[in-house]
Amino acid sequence: MTRMARRAASLQPTIFTAMTDLANRHRAINLGQGFPDFAAGEAIKRSAVRAIKQDCNQYAPSNGQPQLREAIAAKMSRQYGLQFDPGSQIAVTVGATEALFAALFSLLDPGDEVVLFEPCYDSYRPAISMAGGVSRPLTLRPPDWHVDRDELERLISPRTRLLLLNSPQNPIGKVFNREELRAIAELCVRHDVIAVTDEVYEHILFEGEHIPLATLPGMADRTLTISSLAKTFSVTGWKVGWAAGPADLVEALLRVKQFITFCGAAPLQTAAAEALAVGEDFYQRLKEDYRQRRDFLCELLADVGLPPLTPQGTYFVCVDIGALGRGNDIAFCRDLTERVGVAAIPVSPFCSNPDDGRDLVRFAFCKSRPVLEEAAKRLRAGAGM
Ligand code: PMP
Ligand code: GLN
């Protein structure tokens, strides 16, 4: 008999853990779990080492070190024209993951509904249900993953408390355009819905522009904007994230956060504050670098008969396997890992209705050139298998 509580028993090991384990067992190239396999920048590493050596080794304030909150406020003002008071409107969290979790736990009462866009990042639905909330997904469909305004409005009920938006969106690589964001903002205002946005891929974007939902009319006072250092600075293991928004929403988040972790790693916050002072050329180089990786992988996939759905943002590309006759997403990924030696991620676990993801698999291109080239060799060799 299980000794797990029902809450834990209802959760499965994540698909990232499962596929990384399978990849390791078969010595496959891991294009599954999304983490850069290349070095983080020297400057950010030096800052962290210096902070530890200078004995920045005790608890940070629960809402984060002042210099990091100030750096986040300055970045949001400079890049998006959004103004936040570092004292009351910004909270530093243990990655975007904790920010999302604490936001949901502090804003949802049992039975409250959350509108979200699927296929969505895997932590959203378990976090919503652990908080007592109910997910109301709008399924987006390839190739353009368009948001239908009327379909979205039909999901909104008197119980709708939150709308959760991830742009650029993992796993589908969609960047929400201004027209879609306008429709979303207008519905949030009309139905008095709070928006929580996950913008961790804000700087990994190839088409269009990143438009924070908080910049749309009527949204500044009803949006909690979440992001993190992980993707932009290639430090997914640091888990330094933040949430910015109206003081009452940030206060709510902090009341929960103080009893999850109280605070995040202090020396990494010092290093994060220094990192966020980088100039705009850093972000330009990041985009260009990822564009090259994206183009390399998309061309390769097309070449080996795996039609890519070219992403507008994120470091993922989905492939539509519907017409290939090689089984569903899970069978396809298992087979590709075991026989071809390249691991990818099935998309059905990102969907409330697994059938919505059965024809999609996701490849990560946040990998070094030799690794992508080895994947290319194996995929070419396996193309006819
Ligand atoms: N949101 C999305 C959409 C992600 O892809 C990730 C990365 N795994 C996260 C949140 C988690 O970010 P962090 O590592 O900062 O917790
Ligand atoms: N965000 C990463 C991805 O989507 C993985 C995060 C994790 O392993 N939990 O692949």
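Some notes on this structure:
- For C263, residues with placed amide H under 5 Å, excluding near neighbours: none
- Length-normalised contact order for the chain - Cα pairs under 8 Å, 6+ apart - percent: 25 percent
- Convex hull projection area averaged over all views, the chain, Cα basis, nm²: 19.2 nm²
- Hz values of 3J(HN,Hα) by residue in segment 74-86 - Karplus curve (6.51, -1.76, 1.60), Gly and Pro given as x: 5, 5, 5, 6, 5, 8, 10, x, 8, 9, 10, 7, x
- Spin-label zone in segment 76-115 - amide nitrogen under 16 Å from a point set 7 Å from the Cα of Q67 along the C-beta vector: none
- The phi torsions of segment 282-291, fed into the Karplus equation with coefficients 6.51, -1.76 and 1.60 and a -60° offset, translate into couplings of 4, 5, 5, 5, 4, 4, 5, 4, 5, 4 Hz, rounded to whole numbers, with Gly and Pro shown as x.
- Segment 42-275, dipole about Cα centre (Lys/Arg Cβ +1, Asp/Glu Cβ -1), debye to the nearest 20: 620 debye
No value in this document is a laboratory result; all are computed from the given coordinates. Since the model is a prediction, treat every value here as computed from it, not as a measurement. Methodologically, a virtual Cβ is constructed for each residue, glycine included, from the backbone with ideal geometry; neighbour enumeration extends over all protein chains shown.
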